[in-house]
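Step one of this worksheet: look at the structure below.
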Amino acid sequence: MSYPTLRTFIAEEFAMDIPADQLTDDLDLIDTGIVDSLGVLKLIAFLEGEFEMTITPDELDADLYRTIGQIETMIDAKQVQAA
Amino acid sequence: MLHQDFFQIVGTRAFSDCLTVEMEKTPRSKIVDSAGGTTSYRALSALAEEIVARLPGPGVLGEEVVAICAEKSPGCLAAVLAVLSTGRAYAPLDPTHPDGRLMDILTDLNPAALIVDETTAQRLKAWALEMGVSLVELGDAEPPAPASVLESLIPRPNVVVSQQNLAAVLHTSGSTGKPKRVEIEAHALNVFQNWVVDELDLNIDDCLLSHAPFAFDLSFLDIFASLMSGADLALADAKTARNGARLVEMMKQSGVTVWHSAPSALKLVAQAPGNPILPEVRSVLFAGEPMPAKTLERLFQVFPNARFLNIYGCTETNDTFFYEVPREGTPDPLPLGRKLPYVEYLLADPEGMPIEGKGEGELWVHCPTMMRGYSDPELTAKATVVHDGKRYYRSGDIVRRDRAGIIHFVGRNDSIVKLNGVRVDLNEVDTHLNGHAGVCEALSFVTRSGEGTILNAWVKTKGEGLNSLDLRLHLMKRLPVAAIPRNFTISLLEVPKNSNGKACRRMLAQNCQSATA
């Protein structure tokens, strides 16, 4: 499902001037340089705080946070696990 | 330990033969991949022979290059050995670079063959077909096509390639927007590995962790010093290389004793969860950018028994200086230290006259590990200078020599910066930004903070409607990700100019830093 706070966080933290509708679900945040390695850590801290997710050491991998679509799928899966 | 006279090694074939002889002494030493799998030296050699059989026969005239674009793996390492054994130079290309950039480099390189893996085959097959370049896919279980079987049955002539000295071709950021091609000869690789094996006393009981991609000069140390000394070699692939927890796991499982990387990778280890301690590691080598003092302090705990070496060098000369970092009274920033035994250097004043004793100047280096040159003779002429009958490489680095003869880094005299260990020429970033139809004028610049060095860009647009996403999508097709600015200032205002009317990176950096302070 779609998480508006996630999109807002990414826009405000990393891409102030990009209109929200241009941050599409499949935009590669890593290859475009919007989120770098340090950015991934900020994003993970946000996910842990906002969605009460536990990110395992093995999930500290930039490849898992390439697109908003991918991150949303991950949030979905974690919430099913927690329920 | 090796004591062969490195001056005996002249050709690429001779270097390869020497590698083969050394590897045969320790057939059970092994390569460990990121999944924990192992490949013995013996199996690696067999793998290399299979690849040789699938490469086109050597050309009759002149030197040849074979490009390798594949994820780091034992197969990819075997490909390096295979290419060298045919007397040719290998040109490793970074698979994380955009397709357009890879194809530009390949077209310019005109390789005799291109070695790929499953992933890069998909990306580069069309290019190879169009250019008529033979494509060899690693791990390809298919039997070779009839023509190449025939070719492999024809004995390879030994004489033809014996004059070939070119062993490796690397690409580094160039100011015109086109990467510079750096040509490195076999004896340069051999002299260098000899020093490494000697200085680190590398031997069959060691395991070296190779962190850098093969497309970086750091990998020369990893590959050749390990194979020449019988040490195990643990290959961190791209996925492992950027994950501190995985790196720690890999070090524990493979019994790593020597670490070598850029400081940014060691930062990942320092921040890895669970406060790891790795007492087995006896040497930690880092190169390519300044090491933050805080990270170093933490690393002393992670590696309680290791000596720490800050190494200085560049693609054009390989490593030339090193500093043994003391655990007590550690200076910050770390000096570049003292020269390697075979290096001669001088500090040149702005008129190109050598400075004696303590003082500050541009570092010029003369050494047997120096590149033959860039592929473009004009660039080589600009970067090198003959002084007292010796050819020096002008590093572009301003350094200071203190009273004790220790060298300290002061700054660059050009537009080159290091971002996460990757050398980026700011002029190249500017060139590509200016290539966007909506841009009037652009200037990239770096700022430094606790997070490290950050790349920014000021962009004057032709009108409304341009945003940073447009620029990012434009740049990502042309530049490696390290060269894409983190922050863009998009404005209708001109780029700030200095009193001579020249666009000024320093003014932008100062404005930016004072605005956020």
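Of all the criteria given as (1) hydrophobic (A, V, I, L, M, F, W, C); (2) modelled with pLDDT of 95 or more; (3) open to solvent by 50 Å² or more (accessible area, probe 1.4 Å), the one not satisfied by B:M371 is (3).
Would you tally the residues in the range B:437-477 being in contact with a Gly (Cβ under 7 Å, 6 or more places away or on another chain), assigned to a loop (DSSP other than H, G, I, E, B) and farther than 17 Å from A:L27 by Cα? Residues that pass the stated criteria total 2. Considering only the range B:260-273, I want to know if a residue exists there that is under 23 Å from B:C314 (Cβ atoms), surrounded by fewer than 21 Cβ atoms within 10 Å (Cβ to Cβ) and within 14 Å of another protein chain (Cβ to nearest Cβ). Checking the range B:260-273: at least one residue is under 23 Å from B:C314 (Cβ atoms), surrounded by fewer than 21 Cβ atoms within 10 Å (Cβ to Cβ) and within 14 Å of another protein chain (Cβ to nearest Cβ). Residues that are part of a loop (DSSP other than H, G, I, E, B), open to solvent by 10 Å² or more (accessible area, probe 1.4 Å) and under 30 Å from B:F214 (Cβ atoms) within the range B:328-366 comprise B:P333, B:L334, B:L336, B:P341, B:Y342, listed in sequence order.
Among the conditions (1) open to solvent by 70 Å² or more (accessible area, probe 1.4 Å); (2) within 14 Å of chain A (Cβ to nearest Cβ); (3) over 25 Å from B:G177 (Cα atoms), the only one that B:F409 does not satisfy is (2). Within the range B:313-333, one or more residues are at pLDDT below 95 and in contact with a Pro (Cβ under 7 Å, 6 or more places away or on another chain). May I ask you to verify whether A:P19 is within 11 Å of chain B (Cβ to nearest Cβ), in contact with a Pro (Cβ under 7 Å, 6 or more places away or on another chain) and either open to solvent by 50 Å² or more (accessible area, probe 1.4 Å) or at pLDDT below 90 (or both)? Considered against the rule, which asks whether it is within 11 Å of chain B (Cβ to nearest Cβ), in contact with a Pro (Cβ under 7 Å, 6 or more places away or on another chain) and either open to solvent by 50 Å² or more (accessible area, probe 1.4 Å) or at pLDDT below 90 (or both), A:P19 comes out as no. Taken over the range B:422-445, the criterion of being open to solvent by 20 Å² or more (accessible area, probe 1.4 Å), closer than 30 Å to B:L347 by Cα and either in contact with a strand residue (DSSP E or B) (Cβ under 8 Å, 6 or more places away or on another chain) or in the same structural domain as B:S175 (by TED's automatic domain parsing) (or both) is satisfied by B:R423 alone.
Of all residues in the range B:481-517, which are part of a loop (DSSP other than H, G, I, E, B), within 14 Å of another protein chain (Cβ to nearest Cβ) and open to solvent by less than 20 Å² (accessible area, probe 1.4 Å)? The answer is B:I484, B:P485.
The values are calculated or read from the model by the stated rules, or taken from the named source; none is laboratory data. Please read these numbers as outputs of a predicted model, since none were measured by experiment. We place every Cβ from the backbone using ideal geometry, glycine too, and count neighbours over all the protein chains shown. The accessibility values were calculated without ligands, DNA or RNA, using every heavy atom of the protein model including side chains. Shrake-Rupley method; radii C 1.70, N 1.55, O 1.52, S 1.80 Å.
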